[in-house]
Structures are given as structure tokens and as C-alpha cells.
């Protein structure tokens, strides 16, 4: 949509390999593509041609059945009255009964039709038209357009005056629709399902949709060609432009019709002249090229650089892994090595340790000799605390003994 | 930060036409790669300096531990010599382990255990010994066992089961960088710094202990005696203060 309007060639209907002119593409064919919108609108619009169906209102209830209630060794379901026939006493009413009514009978007052907002419908048509101008979408829908010269395919107005089907077929073939028409013919098959017994026996694919401005015989000419449909440009139907809700129908415009599209829909600025209060849909994003936006200098200049993720790996135990211990505790392997050396005979560290040990033992011996002999032993120092009491007790005992001896005497 | 730039190499086939955007990207990546190289070199240099300092500090710490232990021995001997009693210094550091599960926990002890970050069975935390902590422990006595860890226990816990809280995540202490980033502003740059701060209950104990995620210990090999009763009861039990004997238990739980 950001680019200048492309130019579409008009092909001569008599000699389709020749171009009679060019025309700028109407803005409507550059509408944003909204498959969701088309699908939604189609779904609702398609419901509007439905005919009601329902079971008879009285179905299953046209008996005077009544329950026999309890006490008669039968189930309590209502039973047909009377006698003399098989029907008598049989269950009635109830969806479980034979000949009874259905559960939740279908009704004619079901809401068959749906209303769709006018703007929504118009947007959907614009979107479907835009899709019909894109070869990949048309091919994706299943149309065979390999031989078609250009999309959108615009043919000079002479085609509108065709009256003979034979001629119309020739023209279409010359325009490159031969494969498409053949596809339709080949696809005729019997419908799967009950429709075949309801006057809808055959189904076939859809072919091109010819959009004209003035009907000077074209509809009658094209009518009998299998798969081909005609539509007046004033009255475009979404159900034809996007059959089944999928946009991208193969459309052939006549020159007049193509020109009229601009008159009907106008531009985004002008609004649609022929549709009161309507402007063509705008895209949600004008520039939808995300990668270009993201990689543009405007965006990149404000971003911080991409960072590597933190990875912590598996936790290892430093007490088991010497490498990790050195990483966490620098110098630990060195210190440990020194320590190890101290227990190896012959190393200077070992000698150091032994020297210290010797000195310690010497000290201890000297100390003991000085302090732990005679009255300085552990026991003696301990008992010193009890000396006073021991002396007092001894004195007391001596005094008692002296008294006793005195008493005896 | 520049050392973590993710540089993507764009492989351009020989002689191929390079699209404009790809060219722009290549130029940008080149510049970033340059910055990254410089940052990495600077980081390497800083790392080497830091490691040298850490090495010195570690040697000083080991001397400090040896000296304090020797000092205590000296004081004990002196006291005995003089016939005095040596009053052992009160413990400054305790390690608390949650013994009870989470079911049927009264609200008050439950709250206290939450505050102490003991939210799971066999979780352990280091705590400073002060009046408020002792009062809190009083409330949760039957649900925890605690005691005074030795240097060996502290080292082993931190090296084997040390995880740090880095932007609310539990990150293993696999590198001193993690510690430096989190605690650098308190002068703690490595494992030995953490161990020193914890064991000696330094001025930044709170920050360091909070940085350490609560230790998730295994159940003790050889089992508990009886979790339903207190350690100090005659019949034998496990909860409460078991002072120095916590080291034996932690040796089996670590």
C-alpha cells in the first residue's frame, strides 16, 4: 500500500494476446487482506438464504397417552389408551418411546438469519476484491491461472456484447481460462450426502467470476458455461467473491466494470462516492515489514546490545574438586602442597615441624621438672584446699578422743 | 556489562552480494566485538588483581583463626595455672536446622520459622547470637535444633551447599564473581571472605547471611535420636540447643 498504484493492462476481447490500453489499479484492490473478516461475514451472510425446517409441532404427542402410575408392574411412562390393538398400552410421548416425540423438537422459530453490519459487509467485499488481484491467493484457492496473462484480468468492453455461448467460451479460452474451465468440467461428481436425493445431485468446482458493467448479452452467453458466473459491478456479492469464506476467487473484469470500481469505492482520502458514509478499510499496520522496522537505524540506535545469558552450569563441590577449590580459594592448592610436604620425610618443611615438636617437648619437660615435683603435683595442690579443714577435723577428733579417754577414766 | 555482549557471526559466502541490512548489522557487531574484547581484557586484569588480594586476605584469615584458637588455649592454661576458672567466651554464631515438617504447625512458631527463613524440613541458617534471636529460638525450640558450628563445619557447609540469592534466584556459588557482584560493596569478594564474616560474625554478618540461601541439608545418615523430645532430656531427643554437638549432626547432614 505504500507504493505507487500499479497499472493494469486491458486485454482486447477479440484478440487477447493484444493489449488495448492500461488503467491504474483502483484503490479498493489494495485493501488490507483480512481472511478472518471475510470468513466471519461470509458465515453470517450464508445463513440468510436458509429455509426453515422443523418437526411437526404435534409430532409424537398426537395420542391421548397417560401414565398408568404405580402399582401395575410397569414403568411409569405415559401409555397409549384403549385396547384391541398393538398400540394400546405401548409407551408414548418421551424421546425414549417408540413413536414418541424427539428430545428438544426442532422449531421453525430458530434464528435462521443473521444481520451483519453494513460497513463490515462492505469491508469484506473490498477485502475479497483485493485478494482476487493477488495470484498466490487465487492459486491457493484452487483456480488454475497459469495461462492467464495478468491478475487482475481486465478485458475490453466488447465482451459485454457477446451473445453466443460458443463465442464466450472461445474468448475465455483465449484469455487463458481453458485450464480453469476444464477443471470445472472434470470436477463434476455426485454429491456425498443426502443432498443427492434432494435435487442437489451434482457438485462441481467454481470457475471464473466475470464482473461486467453493462449487460449486452454477456450473462446469457456465459450462463451455460459450467463454472462461470457473472456479476454486475454495482451488486457484488461476498458469497460469490469469497465462496465458502475463502477469498481469492478468479475474477475477470470488463473495462467498464474495472473503471467503475474507482467510482464506487473511491480512495482512502475521498471516501466511497457511491456508498454513503463509507471509506475503504485501513490496514492495522501501514508498514508490515517487521524485520525491516526492527533492523532500521531508528530502532536499532535506541536498543542496548544483546547480552549473553547467564549460565551457571552444574554445581560442583569444591571440597571434592581441586580445580574448583583453586578457583574459589586462590592459593589453596599451593598451601595444601606445602602442608603435604611437611609430612614427607626429608623435606625442609618436615624438618621444621620436627624441630618445633622437639622444642615443645623440651619445654614441657623443663616445666614439669620445675613445677610438677614435690609439693607442686596435681594431687598435692588439689588437696591444699582441704588442708585447713583436714587440720580442723583432725584437731576435733583428737579433742573428742581425749574427752572419751577422760570419760572412761 | 560489555563483556557479556552476544556477538552473532554473520557468515557471508565468498563473493556473494551482501544486503544492506546485513552490512549494517556486520558493522555494528564489529564495533560491539571490539568493545567486548576490551572489556574482557579489563575484566581479566581486575580478576587477577582481585584474586591476588583474596589470596592475601585468606592467608591473614587462616592466621587469625589459628591465633584466636592459640589465644584461648593460652588463657585456659593460664587460668589453670593460677587456680582460676577460665570463662569460655560465649558463642557468637549459631546454626539452626529445622527439624519439624510443615504440617500442623501453630501460627506463632510457624511465623517465627518463616522469619528465620526455615521454610522446609532440614533447612539451615546461620544466626547471630543476640537477645532477640535467642527469644525467637525460644518460641520454636521444639521444631529446631541448633548449636555452635566449628570452622570446619562452616567451611564445609558453604563450599558444598552454598547458594546465593542473586536477583531473587538461588544461584550456586560456583564463582567468586557472583559473590563479588552481590557483596562487593561490603568488602566481600570471595568464598573465604564469606566464611570469615560468618564464622567471626563480622559487621556485615547480616548481609552475608542473608545473601546465603537457606542451606538445604540431607537427612542425617544414621538418623535422629528422637525428634519428639529435647536434646537435653534424659530419655534422649533432638530439639533445642545442643551447643558444640551440632557439628556432629551437621557432619552427618551435610
Item checked: Within segment B:35-82, tally of residues that are within 12 Å of chain A (Cβ to nearest Cβ) and over 26 Å from residue A:327 (Cα atoms) -> 5
Item checked: Search result, residues across segment A:330-353 that are within 14 Å of chain B (Cβ to nearest Cβ) and either in contact (Cβ under 8 Å) with a residue 60 or more places away in the chain or assigned to a helix (DSSP H, G or I) (or both) -> A:332, A:333, A:334, A:335, A:336, A:338, A:339
Next item on the list: Being surrounded by fewer than 11 Cβ atoms within 10 Å (Cβ to Cβ) and within 30 Å of the chain's Cα centre (by Cα) is the filter here, so list the residues in segment B:72-103 that pass it.
Entry: B:73, B:87, B:88, B:89, B:90, B:103
Notebook entry, point to check: Within the bounds of segment B:19-33, is there any residue that is at the interface with another protein chain (Cβ under 9 Å from one of its Cβ atoms), at pLDDT below 95 and touching a strand residue (DSSP E or B) at 6+ places or on another chain (Cβ under 8 Å)?
Noted result: yes
Check: So how many residues does segment A:240-264 have that are within 19 Å of residue A:210 (Cβ to Cβ) and touching a helix residue (DSSP H, G or I) at 6+ places or on another chain (Cβ under 6 Å)?
Finding: 11
Margin query: Looking at the structure I just gave you, is residue B:161 closer than 30 Å to residue B:44 by Cα, in contact (Cβ under 8 Å) with a residue 60 or more places away in the chain and in contact with a strand residue (DSSP E or B) (Cβ under 6 Å, 6 or more places away or on another chain)?
Written below: yes
Margin query: If the requirement is being buried (at least 22 other Cβ atoms within 10 Å of the Cβ) and in contact with a strand residue (DSSP E or B) (Cβ under 9 Å, 6 or more places away or on another chain), which of these qualifies: A:223, A:240, A:249?
Written below: A:249
Check: assigned to a helix (DSSP H, G or I), closer than 20 Å to residue B:243 by Cα, modelled with pLDDT of 95 or more and touching a strand residue (DSSP E or B) at 6+ places or on another chain (Cβ under 6 Å) - does that describe any residue in segment B:119-134?
Finding: yes
Check: So which residues in segment B:199-254 are without any contact (Cβ under 8 Å) to a residue 12 or more places away in the chain and either in contact with a helix residue (DSSP H, G or I) (Cβ under 8 Å, 6 or more places away or on another chain) or crowded, with 18+ Cβ neighbours inside 10 Å (or both), if there are any at all?
Finding: B:202
Next item on the list: Sort out which residues of segment B:1-18 are over 24 Å from residue A:298 (Cβ atoms) and more than 12 Å from chain A (Cβ to nearest Cβ), and write them in order of number.
Entry: B:9, B:11, B:12, B:13, B:14, B:15, B:16, B:17
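Give the residue, chosen from B:95, B:85, that is touching a strand residue (DSSP E or B) at 6+ places or on another chain (Cβ under 6 Å) and either closer than 30 Å to residue A:382 by Cα or away from chain A (no Cβ under 14 Å) (or both).
Every option except B:95 fails the conditions.
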Check: Among the residues of segment A:121-131, is any outside any helix (DSSP H, G or I) and either in contact with a strand residue (DSSP E or B) (Cβ under 9 Å, 6 or more places away or on another chain) or at negative phi (or both)?
Finding: no
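Does residue B:156 qualify as being within 19 Å of residue B:216 (Cα to Cα), in a helix (DSSP H, G or I), under 12 Å from the mean Cα position of the chain (by Cα) and within 14 Å of chain A (Cβ to nearest Cβ)?
Values: within 19 Å of residue B:216 (Cα to Cα): yes; in a helix (DSSP H, G or I): yes; under 12 Å from the mean Cα position of the chain (by Cα): yes; within 14 Å of chain A (Cβ to nearest Cβ): yes.
Here the answer is yes, as residue B:156 does meet what is asked.
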Check: Which strands (runs of 3 or more DSSP E) sit wholly inside segment A:209-289 and have at least 2 residues that are in contact (Cβ under 8 Å) with a residue 60 or more places away in the chain and within 22 Å of residue A:180 (Cα to Cα)?
Finding: A:251-254
Next item on the list: Could you look through segment A:318-329, keep only residues that are more than 8 Å from chain B (Cβ to nearest Cβ) and either under 31 Å from the mean Cα position of the chain (by Cα) or outside any loop (DSSP other than H, G, I, E, B) (or both), and pick out the one that is surrounded by the fewest Cβ atoms within 10 Å (Cβ to Cβ)?
Entry: A:323
Next item on the list: Could you list all residues from segment A:286-317 that are within 26 Å of the chain's Cα centre (by Cα), surrounded by 11 or more Cβ atoms within 10 Å (Cβ to Cβ) and either more than 18 Å from residue B:21 (Cα to Cα) or more than 10 Å from every other protein chain (Cβ to nearest Cβ) (or both)?
Entry: A:287, A:288, A:289, A:293
Notebook entry, point to check: Within segment A:102-117, can one find any residue that is crowded, with 17+ Cβ neighbours inside 10 Å and more than 30 Å from residue A:155 (Cα to Cα)?
Noted result: yes
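The values are calculated or read from the model by the stated rules, or taken from the named source; none is laboratory data. Keep in mind it's a predicted model, so treat the numbers as computed, not measured. A quick note on method: Cβ atoms are made from the backbone with ideal geometry, for glycine too, and the neighbour counts reach across all protein chains shown.
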